[in-house]
Amino acid sequence: MSGTSPGLQPPADAVKPVRHPDAPAPGELLGAHYGQCFGCGGDQPHGLHLQARAGEGVSITAEFTVRPAHQGAPGLAHGGVLATALDETLGSLNWPLRTIAVTGRLETDFRLPVPVDTTLYLEAEVTAVAGRKIYSTATGRIGSPDGPVAVRADALFVEVKVEHFVRNGREEEIRAAMDDPDQLRRVRAFEVNP
């Protein structure tokens, strides 16, 4: 699988992605964009607690350990959890671009089962940009950054304004995020895909 769906093929006028000059430095831990995010938030007891780092160019590395709460079949990660890990990693690519974007399309390929207590090492990169559309790809490897590929995905993200979240989110959470006295946390709550 490598973007075989027509919706994941960049158009002929797509351009090479450009790392924003204010992007986090390669190797820098990105931290959670929102404490309640199931993918990266530290306040979610059963979340992935995925930890992402800025890579070179427009890329991200991340990892998470599959816990018993993430099971589908006995002793194995649920496929939806693995797709979430890929989506979260791909969504973190918004950091080196310094843009706000949401998942428009995500196609996953499951190659190997991922046992509970296994650490999944993820890598993602933006491959092309066309207007508001951001094309990207990710892989997840078992046990080490060079381990066997267990999962992979191709994605299309669409750039949006913060109003997208305000208009569509649940009022209670939107108000809590907007009322946070920490300006940086207030802005970061809306930086990555919903």
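Please treat every number below as a calculation from the coordinates, not as lab data. If you're wondering where the values come from, they're calculated on a predicted model, not measured in any experiment. Here Cβ is always computed from backbone atoms with ideal geometry, including for glycine, and neighbour counts include all displayed protein chains.
Observations, loosely collected:
- Label-point gap, in nm, between Asp109 and Glu56 - each point 7 angstrom along Cα→Cβ: 2.4
- Potential lengthening between Ala25 and Ala69 on full extension [0.36 nm per residue; Cα-Cα distance subtracted]: 12.5 nm
- Calculated FRET value between Thr119 and Gln9, using beta carbons and R₀ = 41 Å, to 0.05: 0.80
- The label point for Val102 and the one for Gln44, both projected 7 Å from the Cα toward the Cβ, are 1.6 nm apart.
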